[in-house]
Amino acid sequence: MTRPGVILFVLLPALLLNACHKPTEEDKVRKVVADIQKATEEKSIRTVLDRISKTYRDPQGYDYEGVKGLLAFYFFRHQRVSVYLPSLDVTVTGNRARAVFQAVLTGRGGGESAVPVLPEALGVYDFEVVFVKEEGEWKVVSAAWKRVGDAPAASTNP
């Protein structure tokens, strides 16, 4: 067997496994969360809003336009934004999905700092996000969040 033939013979099973893997609905919801995480770090309001339903409403009183304003405020206030999600639990039931996760959000302003590694803003939040399938795509229709360490009755917006 020629060298290219041996390489193909060794790699063929791996290629076939990857070709056969069809993403589950849970995988698709995780991808939406990852897309929002990346877009937030890139400060791309448009990309975040593309993943949010126009019918969005949440317990904090925000609708689609309110979320748009919240993002604009946060992105204007912080030159750099970082989002870290240590875990993500997704459940899908029919055309609805729920993602529960904790997010560590940090932000740094535009000024020069003696210690540029430390963020100006740091918060750890518990999130519960609800999705619905709209025209074949998962969209966020509601999100509840609470800053970790706050009293149960208090709610702080990120």
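What is the residue count in region 34-78 for residues that are in a helix (DSSP H, G or I) and of a type in the set (Lys, Arg)?
Here the count works out to 4.
Test residue 115 against the stated conditions and say whether it is of a type in the set (A, V, I, L, M), at pLDDT 95 or above and either more than 29 Å from residue 25 (Cβ to Cβ) or surrounded by 14 or more Cβ atoms within 10 Å (Cβ to Cβ) (or both). Talk me through it step by step, then tell me what you get.
Numbers: of a type in the set (A, V, I, L, M): yes; at pLDDT 95 or above: no; either more than 29 Å from residue 25 (Cβ to Cβ) or surrounded by 14 or more Cβ atoms within 10 Å (Cβ to Cβ) (or both): yes.
For residue 115, the condition - of a type in the set (A, V, I, L, M), at pLDDT 95 or above and either more than 29 Å from residue 25 (Cβ to Cβ) or surrounded by 14 or more Cβ atoms within 10 Å (Cβ to Cβ) (or both) - is not met.
So residue 90 clears everything in (1) closer than 20 Å to residue 49 by Cα; (2) under 16 Å from the mean Cα position of the chain (by Cα) except one condition, right? Which one?
(1)
Is it the case that some residue within region 121-128 is outside any strand (DSSP E or B) and at pLDDT 90 or above?
no
The values are calculated or read from the model by the stated rules, or taken from the named source; none is laboratory data. What you are looking at is a predicted structure, and each value in this text was computed from that prediction instead of being measured. With ideal geometry, Cβ positions are generated from the backbone for all residues, glycine too; neighbour counts draw on all protein chains shown.
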